[in-house]
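Working notes, structure below.
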Amino acid sequence: MALLRAARLRIVLAAALVWLTGSAASHARQQPATAGPGANEANVKAVFLFNFAKYVAWPPLATGERSPGEVRICVTARDSFFALLQSAVQGEDVDGRALVAVALDGLDAARTCQILYVGHADSLDGRAWLSAVRGRQVLTVADGPLNDDTVIAFVRENNRVRFDINRAAGNRRGLNISSKLLRLARQVRDS
């Protein structure tokens, strides 16, 4: 238990450094030799998802839509990324609401998420997941360029993980994205 907590703390501290400097490259130099570049990028993305929850406000929920006592950060597969996300959010909360990592088992379950990370939005699976939550109050996050269904897109720039925000897509979903998060984005799209 203590080892798991120490590992989680290292991930959070390293990601905080990346958050402040915006440099995945400097983050990678501080990691043990056993962690490959893909692991670094996945760590950074997991912590970004955790931080996005702090800077987005969702409208009041319809009865039975999802639990008001938690913020559900969902991924589309139970894999190594899910394990990293689970570790990053374990025991954490936003405004008194517990953060919960969820590996989805079907498209219908995506509607219970506050944040949905789909990986590659332009893949057939990615488009299906995004379509499942179209018009819902779900912050959609994906890899690659922004599209009409993606509110936040992870991009790589100069060996760094950055993100773009589609504020228009967020507005259509009733999401209020903090100006602090908008200032950290590489670019903000308003149409």
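The values are calculated or read from the model by the stated rules, or taken from the named source; none is laboratory data. In this text, all values refer to a predicted model and were calculated from it rather than measured experimentally. Here the Cβ is made from the backbone with ideal geometry for all residues, glycine too, and neighbour counts use every protein chain on show.
One table, with the values for the structure above:
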quantity: Per-region count, the stretch 159-171, residues in contact (Cβ under 8 Å) with a residue 24 or more places away in the chain and either surrounded by fewer than 15 Cβ atoms within 10 Å (Cβ to Cβ) or in a strand (DSSP E or B) (or both); calculated: 7
quantity: Scope the stretch 93-123; condition in a loop (DSSP other than H, G, I, E, B) and crowded, with 16+ Cβ neighbours inside 10 Å; matching residues; calculated: L104, C113, Q114, A121
quantity: Of the criteria (1) within 19 Å of A168 (Cβ to Cβ); (2) assigned to a helix (DSSP H, G or I); (3) out of contact with any helix residue (DSSP H, G or I) (no Cβ under 9 Å at 6 or more places or on another chain); (4) not β-branched (V, I, T), which one G126 fails; calculated: (1)
quantity: Which listed residue is outside any helix (DSSP H, G or I), touching a helix residue (DSSP H, G or I) at 6+ places or on another chain (Cβ under 6 Å) and either surrounded by fewer than 20 Cβ atoms within 10 Å (Cβ to Cβ) or modelled with pLDDT under 95 (or both), from R78, R66; calculated: R66
